[in-house]
Amino acid sequence: MQERFSEWVWENPERAQKLVDEYNQTFNNIVLRDYSAASDYLSLPGLAETWIVSPSCLAGASGSAVVVIR
């Protein structure tokens, strides 16, 4: 029965599209944050040039609401 249902679902293109849209709206509408490329776009003006900030620290800083460096 499950096999026949999985065939039946895709037989009608309109029904298939409606189900795909419903699935995506329900389950694929949340994108997890990704700070892995933070060092590519995050700059820290005023930071001493000799101070090397690790990528994980930049990732944490980019995920913060406010970054204050003194």
Can you name the number of the only condition in (1) within 26 Å of the chain's Cα centre (by Cα); (2) of a type in the set (S, T, N, Q); (3) modelled with pLDDT of 90 or more; (4) surrounded by 11 or more Cβ atoms within 10 Å (Cβ to Cβ) that residue 12 fails?
(1)
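Residues are listed down the side, and each one gets a yes or a no for (1) touching a helix residue (DSSP H, G or I) at 6+ places or on another chain (Cβ under 8 Å); (2) modelled with pLDDT under 70; (3) over 30 Å from residue 9 (Cα atoms); (4) outside any helix (DSSP H, G or I):
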| residue | (1), (2), (3), (4) |
| --- | --- |
| 26 | no, no, no, no |
| 29 | no, no, no, yes |
| 46 | no, no, yes, yes |
| 56 | no, no, yes, no |
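The values are calculated or read from the model by the stated rules, or taken from the named source; none is laboratory data. Note that the coordinates shown come from a computational prediction; the quantities given were computed from them, not determined experimentally. All Cβ positions, even for glycine, are placed from backbone atoms using ideal geometry, and neighbour counts span all protein chains on display.
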